[in-house]
Amino acid sequence: MHAPEHWQCIDLVSDLHLCDALPRTFAAWAAHLRASRADAILILGDLFEFWPGDDALELPFERQCFEVLAEAARARYVGVMVGNRDFLLGPALLQQHGLHALADPTLLVAFGQRVLLSHGDALCLSDVAYQQFRRWVRDPATQRDFLARPLAERVALGAKVRHASEAGRHQAAPAEGYGDIDAGAAVAWLRTAGATRLVHGHTHRPGDSVLEPGFDRCVLSDWDLDDAPEHAGVLRLSAAGLARLAPEEGAAGAA
């Protein structure tokens, strides 16, 4: 993805886990999409807590989310990468709403910088059980069988996923509840892409670190403004580099 020369800044977010049970998180996300001064907003996976299939637009909350996305897409470039919770989001649905589907990983070339973008779950190689599950749920046959079920049944399964996720958040600190990426695999990706910096989400461990000398990464914050402690964050890329902002700071210009 090559940013046009006239762009001034790009906002990167991930792991919003939007659902009707988190109204304050939804409101903050919607406000950022409407007010951000960024030329582009790139969502790097897990926009939704669970996406049961593109016929979910029949549901009021999901339809409202896409109305916000379409409104934002009329004002700026909005890219969406799927994550481990919303991998059933179809590129055709995104395109119908003026959104751009982003591959995982995507090489972003902007402001003289090359930054590799990923959701991050594909790099969590130490979690062997998850990687096996990931391959199974992304198999076209598995997805066809799941999408053949009635929407209500798929939504009920999504509610079970959400309840399990909430229980996990309350029982374990993020550092204990989420595995980290494999540094060697991440560096291999970066070498192939001709980049030295990786930006990813998924692990819910926002921060910066060195993968190995000459290669680093920035981890995006997950969003949850409905539970304590509240947290959310935007990573803004500009000619000055990367800066972390609170969502409400996104309208303050190309910091």
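With respect to ALA141, is the statement that it is more than 20 Å from MET1 (Cα to Cα) and either among the polar types (S, T, N, Q) or free of Cβ contacts under 8 Å to residues at least 24 places away in the same chain (or both) true? Give the derivation first.
Details: more than 20 Å from MET1 (Cα to Cα): yes; either among the polar types (S, T, N, Q) or free of Cβ contacts under 8 Å to residues at least 24 places away in the same chain (or both): yes.
So ALA141 fits the description; yes.
Looking at (1) surrounded by fewer than 19 Cβ atoms within 10 Å (Cβ to Cβ); (2) aliphatic (A, V, I, L, M); (3) under 22 Å from VAL137 (Cβ atoms), can you tell me which one LEU44 breaks?
(1)
Please tell me if ASP104 is within 12 Å of LEU42 (Cβ to Cβ), of a type in the set (D, E, K, R), modelled with pLDDT of 95 or more and buried (at least 16 other Cβ atoms within 10 Å of the Cβ). So that I can check it myself, show each step before the final result.
On the way: within 12 Å of LEU42 (Cβ to Cβ): yes; of a type in the set (D, E, K, R): yes; modelled with pLDDT of 95 or more: yes; buried (at least 16 other Cβ atoms within 10 Å of the Cβ): yes.
When the stated conditions are applied, ASP104 passes them.
Restricting to the range 210-227, what's the tally of residues that are without any contact (Cβ under 8 Å) to a residue 60 or more places away in the chain and either in contact with a Lys or Arg (Cβ under 6 Å, 6 or more places away or on another chain) or among the aliphatic types (A, V, I, L, M) (or both)?
3
Between residues in the range 41-55 that are free of Cβ contacts under 8 Å to residues at least 12 places away in the same chain and residues that are outside any strand (DSSP E or B), which pairs lie under 8 Å by C-beta distance while being six or more apart or on different chains?
Short answer, once both residue conditions are applied: none.
Restricting to the range 32-76, and then to whatever is basic (Lys, Arg) and in contact with a helix residue (DSSP H, G or I) (Cβ under 6 Å, 6 or more places away or on another chain), can you tell me which residue is nearest to LEU116 (Cα to Cα)?
Residues of the range 32-76 that are basic (Lys, Arg), as a first pass: 34, 37, 63, 74, 76.
Those left that are additionally in contact with a helix residue (DSSP H, G or I) (Cβ under 6 Å, 6 or more places away or on another chain): 37, 63.
Values: ARG37: 23, ARG63: 31 Å.
Out of the qualifying residues, it is ARG37.
Tell me which helices (runs of 4 or more DSSP H) are completely within the range 1-107 and hold 1 or more residues being under 25 Å from CYS218 (Cβ atoms) and touching a Leu at 6+ places or on another chain (Cβ under 7 Å), or say none if there are none. Lay out the reasoning, then the answer.
Working: elements: 23-35, 60-73, 91-96.
Filter on the range 1-107 gives 23-35, 60-73.
Does ALA70 qualify as being among the aliphatic types (A, V, I, L, M), over 23 Å from ALA159 (Cα atoms), surrounded by fewer than 20 Cβ atoms within 10 Å (Cβ to Cβ) and in contact with a Gly (Cβ under 6 Å, 6 or more places away or on another chain)?
For ALA70, the condition - among the aliphatic types (A, V, I, L, M), over 23 Å from ALA159 (Cα atoms), surrounded by fewer than 20 Cβ atoms within 10 Å (Cβ to Cβ) and in contact with a Gly (Cβ under 6 Å, 6 or more places away or on another chain) - is met.
Condition check: of a type in the set (Asp, Glu), within 30 Å of THR192 (Cβ to Cβ) and without any contact (Cβ under 8 Å) to a residue 12 or more places away in the chain. Does GLU67 satisfy that?
Working: of a type in the set (Asp, Glu): yes; within 30 Å of THR192 (Cβ to Cβ): no; without any contact (Cβ under 8 Å) to a residue 12 or more places away in the chain: yes.
Spelling it out, it is not the case that GLU67 is of a type in the set (Asp, Glu), within 30 Å of THR192 (Cβ to Cβ) and without any contact (Cβ under 8 Å) to a residue 12 or more places away in the chain.
Need pairs with beta-carbon distance below 8 Å; first residue free of Cβ contacts under 8 Å to residues at least 60 places away in the same chain and within the range 1-20, second assigned to a loop (DSSP other than H, G, I, E, B); sequence gap 6+ or separate chains.
PRO4/ASP39; HIS6/ASP39; LEU18/LEU47; LEU18/GLU49
The values are calculated or read from the model by the stated rules, or taken from the named source; none is laboratory data. Predicted model only: the values in this text are computed from it and were never measured. Cβ: placed from backbone, ideal geometry, glycine included. Neighbour counts: every protein chain shown.
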